[in-house]
Amino acid sequence: MIFLSNLVNGLSLGSIYAIIALGYTMVYGIAKMLNFAHGDVIMVGAYIAFCALQYWGMPPILALLAAMGLCTVLGITIEGLAYRPLRQATSLAVLITAIGMSYLLQNLAQLIWGANPKSFPPVMIQLPTLSLFGDRLKISGVTIVTILANIVIMILLTAFISRTKMGKAMRCVSEDRGAAELMGINVNRTISFTFAVGSALAAVAGILLCSAYPILMPTTGSMPGIKAFTAAVFGGIGSIPGAMIGGILLGVIEILGKAYISTELGDAIVFAVLIIVLLFRPTGLLGKPIREKV
Amino acid sequence: MSMLEINDIHVFYGAIHAIKGVSFEVKEHEIVTLIGANGAGKSTILNTIAGLLRPRSGQVLFEGKSLNGIPANKMVGLGMALCPEGRRIFQQMSVRENLEMGGYSRPAAEMAGSVEDAFKRFPRLKEREKQIAGTLSGGEQQMLAMARALMSKPKLMMLDEPSMGLAPILVEQIFDIIRELHQAGTTILLVEQNAQMALSVADRAYVLETGKISMSGEAKALLQDDNVRKAYLGS
């Protein structure tokens, strides 16, 4: 029963990683860049929700929408100001810029909200704890919401990518930017939109993360960001189902590793598994092998 | 009236001067072909017209309007389509989706039935409708690339090496399709290494040599020209 409880916690943590990983993988797939500032957008989203609840007196649903809306604007702004001018630059220049952007966001957050940790209000998700098997397995409301949110996001995003015009345009840009332009697709607008979606999801992830682990500070997003990036690579960067599977596996491995092997080595186990997977499948679990037909 | 007019364009790849002052025109309802060896700059010219590359100087006029500064994604809306070298179909998407993307620039209401029309012209694609495009044979991929470009109902269709890598029987088929398109009223700018086929289908031709036009004229006349025959037709 303890195993089951650990498994559920792993699924919940993995769901958060998966939602963050979606942002990494979509941006990588479409803009062909690693947006290392993505983890920090999560932190900004959590701070916005914190302010909305604590200072602006908004109900939870409005706090969620405010965080999503402002993060969307933030994502579009970051892309437009920092990454778009580098569209023709080497990928290394873009990578360094992304790392710089990450530190900029952390330091701005410290300037605005201070370095002291804030405790995230528990009012965000108020659901009763679910008791199963005569109280032997307890699942908190936050855990349930997190797992459900992940499932809903996955279904909506998959439908969006496969059915809508914008979703199809995203797939075209991901595959061949030049050919996409020949079809009449505005590549800049598509990339901007991708950042918007990724950043709105980051806000959701930030709120879920801080509801489960209610300590909020300017560096809150960085470790989950790196883990989610790992999850995206693990699942096959560029692949949406890959990000989902990678995120969930990573969360489960982390929690089970901490529970049964060593608490201290939890993170090391996660990264060791990543290295082993990449040795055997360099493109990740669901990554596309590079092939071309002549 | 000339549909497309190229005035003294110079195109660079970094420091490499790839196109050194090329001028030519394509009149309405013509088939014009650019022939020349590998690396002469044929694809560079088409990519420049389509806006994927920018000329450092010179002008491209489409229906009398300068295309300078117009982004590549707006070109298709003006009525030109490029079927690019190497086909560049969307390998991970289905045949139907590829066709739908070809009509991306047109309003959804106008698109009704367009995919079915494409299937009428290319029945082989109908059989492959749901198949992922990357799994098609080379000839089918070329047909898909052409069908996709046609989805935008272009006035000017530019084709870059449509016969490349195809078996002779398929090359014949591709050229039959080009003739059909022309008869249906589409103006065509064709870039080919297969000079024999290109000259036999075209009205006029330009011969490109290392970034410059070395010869031009009626396609029939060039087909008989000794220099052209020696250099490009192997006889």
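The values are calculated or read from the model by the stated rules, or taken from the named source; none is laboratory data. No experiment lies behind these values; they were computed from the predicted model shown. Cβ coordinates were reconstructed from backbone atoms using ideal geometry, including for glycine residues, and neighbour counts include every protein chain displayed. Ligands, DNA and RNA are stripped out before the accessible areas are found, and what is left, the full protein with its side chains, is counted by its heavy atoms. Shrake-Rupley method; radii C 1.70, N 1.55, O 1.52, S 1.80 Å.
Here are some notes:
- Accessible-area ranking of B:Leu34, A:Leu62, largest first, probe 1.4 Å: A:Leu62, B:Leu34
- Approximate spin-label separation A:Ser131-A:Leu92, in nm, with each point projected 7 Å along Cα-to-Cβ: 6.1 nm
- Average accessible area per residue (Å²) across the stretch B:85-235 - probe 1.4 Å, nucleic acids and ligands excluded: 43 Å²
- Residue-level accessible surface for A:Asp135, protein heavy atoms, 1.4 Å, Å²: 90 Å²
- In the stretch B:158-221, Cα pairs under 8 Å separated by at least six residues give a relative contact order of 28 percent.
- Whole-Hz Karplus values for the stretch B:216-223 come out as 8, x, 4, 4, 4, 5, 5, 4 Hz, taken residue by residue from phi with 6.51 cos²θ - 1.76 cosθ + 1.60 and θ = phi - 60°; glycine and proline positions read x.
- C-alpha center-to-center spacing [the stretch A:133-164, the stretch B:89-130] in angstrom: 35 Å
- Share of carbon and sulfur in the accessible area of the stretch A:48-144 stands at 67%, probe radius 1.4 Å.
- Where B:Met3, B:Met111 fall by accessible area, highest first, once all protein chains stay in place (1.4 Å): B:Met111, B:Met3
- For the protein assembly as shown, the antiparallel share of DSSP beta bridges with both residues in that region comes to about 60%.
- Probe 1.4 Å, protein heavy atoms only - accessible area per residue of chain A in square angstrom: 45 Å²
- Rounded if a/c under 1.5, otherwise prolate or oblate - the stretch B:72-119, Cα gyration tensor axes: oblate
- Loop-resident sites, the stretch A:166-266, for GluC sites (Glu not before Pro), counting at most 12 other Cβ within 10 Å (DSSP): A:Glu264
- Prolate/oblate/rounded label for the stretch A:1-104 (Cα gyration tensor, a/c 1.5): oblate
- Reported to the nearest whole Å, the Cα centre-to-centre distance from the stretch B:161-182 to the stretch A:200-278 is 52.
- Cross-link reach list, lysines versus B:Lys155, counting only Cα pairs under 21 Å and skipping chain neighbours closer than eight places: B:Lys27, B:Lys42, B:Lys65, B:Lys74, B:Lys120
- Filter on A:Lys168/A:Lys227; A:Lys118/A:Lys138; A:Lys165/A:Lys258 - keep pairs with C-alpha separation over 32 Å: A:Lys165/A:Lys258
- In the context of the full protein assembly, A:Cys51 retains an accessible surface of approximately 10 Å², using a probe radius of 1.4 Å and ignoring ligands and nucleic acids.
- The chymotrypsin sites (Phe, Trp or Tyr not before Pro) found in the stretch A:94-182 that occupy coil by DSSP, while having at most 12 further C-beta atoms within 10 Å, are A:Phe133.
- Accessible area ranking (1.4 Å probe, heavy atoms, ligands and nucleic acids excluded), largest first, for B:Glu5, B:Glu129: B:Glu5, B:Glu129.
- Cα-based helix-to-principal-axis angle, A:222-235 vs chain A, degrees rounded to 10: 60 degrees
- Among A:Ala149, A:Ala196, A:Ala272, the largest mean-square fluctuation in a Gaussian network model of chain A (Cα springs under 10 Å) belongs to A:Ala272.
- For the stretch A:172-187, 3J(HN,Hα) computed residue by residue from phi via the Karplus equation (6.51, -1.76, 1.60; θ = phi - 60°) reads 5, 4, 4, 7, 7, 4, x, 5, 4, 4, 4, 6, x, 7, 7, 5 Hz, glycine and proline entered as x.
- Charge sum, other residues only, whose C-beta stays under 12 Å from B:Ile9's C-beta, Lys/Arg counted +1 and Asp/Glu -1: +2
- In order along the stretch A:246-262, phi translates into HN-Hα couplings of x, x, 5, 4, 4, x, 5, 4, 4, 5, 5, x, 5, 6, 10, 10, 6 Hz, rounded to whole numbers, per the Karplus curve 6.51 cos²θ - 1.76 cosθ + 1.60 with θ = phi - 60° and x for Gly and Pro.
- A probe of 1.4 angstrom, applied to the heavy atoms of all protein chains, finds B:Ser23 with accessible area near 60 square angstrom.
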